[in-house]
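Everything on this sheet refers to the single structure shown next.
Read-outs throughout are calculated quantities, based only on the coordinates presented, and are distinct from any laboratory measurement. All values derive from a computational prediction rather than experimental measurement. Heads up, the Cβs are rebuilt from the backbone with ideal geometry, glycines too, and the neighbour counts pull from every protein chain shown.
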Amino acid sequence: MPLGWPLTYTESSYICLMRAKRNYKEEYRKYGSTEAAKDYRVELNRYNRKNGTYGNGDKKDAAHSSNGQIIGYISASKNRANNRPKIRASK
């Protein structure tokens, strides 16, 4: 496939497909072992244990405000949706 400039949509998508695929498992392993990630988990687990909600299956997560303080509990699905990118590519 000859690639001239500017690239057409099909040529640019072909280039994206030819790149190496991301190894999400490896990325997660690396992030989870950082000191920042460990401290974050410790803080949330300590808060849940202190309030007696650790592992009780209530499907709630400790929620953080924009300044990083824990503000209480909200449903896990809403809390995790807050951390996704606000603009999604349309299919």
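I want to verify the translational diffusion coefficient of region 22-81 in µm²/s; compute it with Stokes-Einstein, Rh as the Kirkwood radius over Cα pairs, at 4 °C and 1.567 mPa s.
Diffusion coefficient, whole number: 101 µm²/s.
Pull up all non-local amide H partners of Lys60: gap of 5 or more, or a different chain, and H-to-H distance under 5 Å with H placed in the peptide plane.
Here Ala76 satisfy the definition.
Let's test the formula: R0 of 22 Å, r as the Cβ-Cβ distance of Ser33 and Ser77. What FRET efficiency results, to the nearest 0.05?
0.25
To the nearest 0.05, how large is the calculated FRET efficiency for Asn67 and Lys25 if R₀ is 25 Å and r is the Cβ-Cβ distance?
0.20
Can you flag which of Lys38/Lys59; Lys21/Lys59; Lys21/Lys60; Lys30/Lys50 are past 26 Å Cα-Cα?
On the way: Lys38/Lys59 22 Å; Lys21/Lys59 33 Å; Lys21/Lys60 34 Å; Lys30/Lys50 29 Å.
In this structure, Lys21/Lys59; Lys21/Lys60; Lys30/Lys50 lie more than 26 Å apart at Cα.
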